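Take a look at the structure set out below.
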Amino acid sequence: MKQTLLNLSANGRLIAGLLVNLLSSICIVFINKWIYVHYGFPNMTLTLVHFVVTWLGLYVCQKMDIFAPKSLPIRSIVWLALSFCGFVAFTNLSLQNNAIGTYQLAKAMTTPVIILIQTTYYKKTFSTKIKLTLVPITLGVILNSYFDVRFNMLGTVFATLGVLVTSLYQVWVGAKQHELQVNSMQLLYYQAPLSSGFLLCVVPMFEPLTGDGGIFGPCTGETHTHTTLVSASTATVLFSGVVAFLVNLSIYWIIGNTSAVTYNMFGHFKFCITLVGGYLIFHDPISINQALGILCTLAGILSYTHFKLAEQEEGKSRLAQRP
């Protein structure tokens, strides 16, 4: 009875974490889009603001005794922080140099690359059933982006580097939590300021500081005075930082309590939800190919969930039968 209650409690926390990530991730997409369109705020600088606010949020949490910081050597997380900066930089470069379809197709390759990294370097095994669930998911992404896939040399290089660095980052998020024996808040508390410092050095290479599109440049807008627009943009950017705090924390929590592969599967689910939400709420058109792609992706995700839960139950049964 006690074990059943513990399982229910653990499942409840996992569902809550997934819901927080789902809602905050969808919310941040629409807030960021609003910021880009209405205020012309630069993309990577916004990411820098997000991580600074994330660290401030964690600082407040530790002052409220929500978690206790654990002293970590900087050298143990420097590659994690650098991989985050690479993930942000190469993802943006991929988006800038590729069509949306090519960008989405490249992102879908993160899951098999994660499996390859974990199998090769971390000696983690995946059943054939789990690997086969990648087939309908990849097919679904291809159907969603087929008519917008256009390859070019520079875009392909950035997309490939983006997939590799993103995969490494997500694998390391889980590996470092287990290796250093820390929870998601404790690890992110150290990684957030370190990544912010690295991003501060990287941002000027990709985005202007002044002029159009620069953080110190003029805000875009036609119906508001400059002061009102600056106040509105500042408030919106800070609000997006608060939402990003929830996104970042839930990503670390999900990967730490499940795996990088499970988080990626959930990412595909969020992509489908975003497409369906755009159709239902904003009446964005969905073609037959996209509808089939969504169904294929959801079928793969449901299959992965079913097989993963079955394997977990089988593992628990084996442990229970041991003398």
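The values are calculated or read from the model by the stated rules, or taken from the named source; none is laboratory data. Since the model is a prediction, treat every value here as computed from it, not as a measurement. Methodologically, a virtual Cβ is constructed for each residue, glycine included, from the backbone with ideal geometry; neighbour enumeration extends over all protein chains shown. Keep in mind that these areas ignore ligands, DNA and RNA; they rest on the heavy atoms of the full protein, side chains included. Shrake-Rupley method; radii C 1.70, N 1.55, O 1.52, S 1.80 Å.
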Share (percent) of C-alpha pair distances in segment 85-210 greater than 22 Å works out to 48 percent
Cβ-based net charge around V261, under 14 Å, with every Lys or Arg adding one and every Asp or Glu removing one:
+3
Env charge @ L116, Cβ radius under 13 Å, K,R +1 / D,E -1, value +3
Computed FRET value (nearest 0.05) for C201 with A299, which takes r as the C-beta separation and R₀ as 51 Å
0.70
Pairwise label distance in nanometres, T156 with Y36, each label 7 Å out on the Cα-Cβ vector:
2.5 nm
Any idea what the alpha-carbon Rg over 2.2 N^0.38 Å comes to for the chain?
1.04
Could you work out what % of the accessible surface of the chain is carbon and sulfur, using a 1.4 angstrom probe and leaving DNA, RNA and ligands out of the count?
69 percent
Segments 251-262, 153-164 sorted - mean Cβ within 10 Å per residue, highest first
251-262, 153-164
Provide the net charge surrounding T133, with neighbours chosen by a C-beta distance below 15 Å and charges set as Lys +1, Arg +1, Asp -1, Glu -1.
+2
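Calculated FRET efficiency, V242 and A16, Cβ-Cβ r, R0 25 Å, to nearest 0.05?
Rounded to the nearest 0.05, the efficiency is 0.85.
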What is the chain's relative contact order, in percent, from Cα pairs under 8 angstrom and six or more apart in sequence?
34 percent
Dipole of the chain, Cα-centred, from +1 at each Lys and Arg C-beta and -1 at each Asp and Glu C-beta, to the nearest 20 debye?
1160 debye
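Provide the per residue accessible area, probe 1.4 Å, for the chain, rounded to a whole number of square angstrom.
In whole numbers, the chain has 55 Å² accessible per residue.
Magnitude of the Cβ-charge dipole of segment 105-201, K/R +1 and D/E -1, about the Cα centre, nearest 20 debye?
260 debye
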Compare the peptides 170-182, 303-315 by average per-residue count of other Cβ atoms within 10 angstrom and give them in order, highest first.
170-182, 303-315
Which ³J(HN,Hα) values, rounded to whole Hz and listed in residue order, are derived for segment 35-44 from phi using the Karplus coefficients 6.51, -1.76 and 1.60 in 6.51 cos²θ - 1.76 cosθ + 1.60 with θ = phi - 60°, glycine and proline given as x?
5, 5, 6, 8, 10, x, 6, x, 5, 5
Selection from T54, T305, F239, by position along the positive dipole direction of the chain (Cβ):
T305
